[in-house]
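S.K.: Below is a structure I'd like to ask you about.
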Amino acid sequence: MPTILLIAGWRFFFYANEGNEPIHIHVQKAEMDGKFWLKVDEYEITEAYTYNFSPAAKKEIRKIIFEHFDYIVNEWNNFFKK
């Protein structure tokens, strides 16, 4: 379960056994937990699930993911050798 980013208290990571799924990132901060799909061709993010996220937290996490979109995709591809 590699952590690829730590930003503003958010931890961004993958689970090692999820290489057969489309590109996505897990995020955690305090009691908040979520998963977001990254649609590379569309440069878009879709929420898979969020737990205990406020609207402000969802906005913040989307902003961070977009700021690091290419990095997350590259880390995913390197980790899963795609």
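S.K.: When the range 20-40 is examined, which residues are found to be exposed (fewer than 13 other Cβ atoms within 10 Å of the Cβ) and modelled with pLDDT under 95?
M.R.: ASN20, PRO22
S.K.: Additional query: Pull out all pairs, ordered by first then second residue, where Cβ-Cβ is under 6 Å, the residues are six or more apart or on different chains, the first lies in the range 34-51 and is within 16 Å of TYR15 (Cα to Cα), and the second is exposed (fewer than 11 other Cβ atoms within 10 Å of the Cβ).
M.R.: The qualifying pairs are LYS35/TYR49.
S.K.: So for the range 50-68 (the condition being among the hydroxyl-bearing types (Ser, Thr, Tyr), part of a helix (DSSP H, G or I) and surrounded by fewer than 17 Cβ atoms within 10 Å (Cβ to Cβ)), does at least one residue qualify?
M.R.: For the range 50-68, residues among the hydroxyl-bearing types (Ser, Thr, Tyr), part of a helix (DSSP H, G or I) and surrounded by fewer than 17 Cβ atoms within 10 Å (Cβ to Cβ): absent.
The values are calculated or read from the model by the stated rules, or taken from the named source; none is laboratory data. Only a predicted model underlies this, so the values are computations on that prediction, with no experimental measurement involved. Every residue, glycine among them, receives a Cβ derived from its backbone with ideal geometry; neighbour counts consider all protein chains shown.
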